[in-house]
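Undergrad: Before we start, here is the structure in question, set down as structure tokens.
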Amino acid sequence: MRTLIALAALGGATLVQAQTVTTPTNLALRIGVAYPIDNTTRDLVKNFFGVGFDYFFDRSLLEGGETYLSVDWLGKSGNGAKGNIFPIMLNQRWYNANSMGDDQRKSYFFLGAGVAVVDVTSTKTVLAGRAGYGFELGEHLFGELNFVLSDDANGARATSAAFYLGYRF
């Protein structure tokens with residue numbers, strides 16, 4: 001039975017790789033972990049599991065980069081209990097000029113501003129910002145480090161550091 005499951009998983013992975021999109025589109029999915037830097041938040045949630053979606057706009061708001069909307073969920077569990085943060089940001093990404101060669105993977109940094117819905121002690125929406133650094137690991141794969149900073153939300157903050165692995169469709 002285990003062999004059958006392993007063969008089915010291998011076949012599914014091969015099928016997915018055979019049908020990859022040839023050029024990245026305007027959507028990306030990120031999965032990772034985050035560490036709460038705020039003391040109140042960290043007392044209640046030691047680490048977060050993170051899932052993020054990025055939507056890249058066709059036109060950049062600022063020259064020389066990409067503008068995108070990011071929506072993240074940072075949570076301690078999927079059961080709906082307190083300990084969730086939802087950063088929603090408008091971001092600008094700039095690529096490192098030293099990594100723009102045809103055969104090199106590009107690195108980039110980004111800044112974002114928006115809100116964070118903080119549901120740690122009680123639910124409150126506050127102003128927030130984010131900054132980070134990313135590196136393309138392949139045609140569609142990327143890794144990203146980011147830092148979120150937020151206002152106080154009834155004693156807790158969304159302030160956290162995260163690492164994500166992502167896939168750009």
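The values are calculated or read from the model by the stated rules, or taken from the named source; none is laboratory data. If you're wondering where the values come from, they're calculated on a predicted model, not measured in any experiment. All Cβ positions, even for glycine, are placed from backbone atoms using ideal geometry, and neighbour counts span all protein chains on display.
Undergrad: Can you tell me which residue is nearest to the chain's Cα centre (by Cα) among those in segment 37-79 that are among the small types (Gly, Ala, Ser) and on the phi < 0 side of the Ramachandran plot? Break it down stepwise before answering.
TA: Narrowing segment 37-79 to residues among the small types (Gly, Ala, Ser): 50, 52, 60, 64-65, 70, 75, 77-78.
Of the ones still in play, those that are also on the phi < 0 side of the Ramachandran plot are 50, 52, 60, 65, 70, 75, 77-78.
Values: Gly50: 7, Gly52: 4, Ser60: 19, Gly65: 18, Ser70: 7, Gly75: 13, Ser77: 17, Gly78: 17 Å.
Top of the filtered list is Gly52.
Undergrad: Does Ala81 meet the test of being more than 14 Å from Tyr164 (Cβ to Cβ) and either touching a Pro at 6+ places or on another chain (Cβ under 7 Å) or of a type outside the set (A, V, I, L, M) (or both)? Show your work before the answer.
TA: Numbers: more than 14 Å from Tyr164 (Cβ to Cβ): yes; either touching a Pro at 6+ places or on another chain (Cβ under 7 Å) or of a type outside the set (A, V, I, L, M) (or both): no.
Criteria not met by Ala81.
Undergrad: Out of the residues in segment 133-155 that are among the small types (Gly, Ala, Ser) and modelled with pLDDT of 95 or more, state the one that is surrounded by the most Cβ atoms within 10 Å (Cβ to Cβ). Even if it seems obvious, please write down each step before you answer.
TA: Applying the first criterion (among the small types (Gly, Ala, Ser)) to segment 133-155 yields 134, 138, 143, 150, 153, 155.
From what's left, modelled with pLDDT of 95 or more: 134, 143, 150, 153.
Details: Gly134: 21, Gly143: 16, Ser150: 26, Ala153: 24.
Step by step, filter segment 133-155, then rank; the result is Ser150.
Undergrad: Also: Is segment 138-151 home to any residue that is touching an Asp or Glu at 6+ places or on another chain (Cβ under 7 Å) and either farther than 29 Å from Ala81 by Cα or part of a helix (DSSP H, G or I) (or both)?
TA: Just the residues of segment 138-151 that are touching an Asp or Glu at 6+ places or on another chain (Cβ under 7 Å), to begin with: 142.
In the following step, the residues that additionally are either farther than 29 Å from Ala81 by Cα or part of a helix (DSSP H, G or I) (or both) were identified as 142.
Looking for residues that are touching an Asp or Glu at 6+ places or on another chain (Cβ under 7 Å) and either farther than 29 Å from Ala81 by Cα or part of a helix (DSSP H, G or I) (or both), one finds at least one in segment 138-151, hence yes.
Undergrad: Within segment 41-50, is there a residue that is touching a Leu at 6+ places or on another chain (Cβ under 8 Å), under 20 Å from Leu137 (Cβ atoms), surrounded by 15 or more Cβ atoms within 10 Å (Cβ to Cβ) and of a type in the set (Phe, Trp, Tyr)?
TA: Restricting attention to segment 41-50, the residues satisfying the condition of being touching a Leu at 6+ places or on another chain (Cβ under 8 Å) are 48-50.
Filter once more, keeping what is under 20 Å from Leu137 (Cβ atoms): 50.
Pick out the ones that are also surrounded by 15 or more Cβ atoms within 10 Å (Cβ to Cβ) and you get 50.
Now restrict to residues that are of a type in the set (Phe, Trp, Tyr): none.
No: segment 41-50 contains no residue that is touching a Leu at 6+ places or on another chain (Cβ under 8 Å), under 20 Å from Leu137 (Cβ atoms), surrounded by 15 or more Cβ atoms within 10 Å (Cβ to Cβ) and of a type in the set (Phe, Trp, Tyr).
Undergrad: State whether one or more residues within segment 102-117 are surrounded by 21 or more Cβ atoms within 10 Å (Cβ to Cβ), among the β-branched types (Val, Ile, Thr) and modelled with pLDDT of 95 or more.
TA: no
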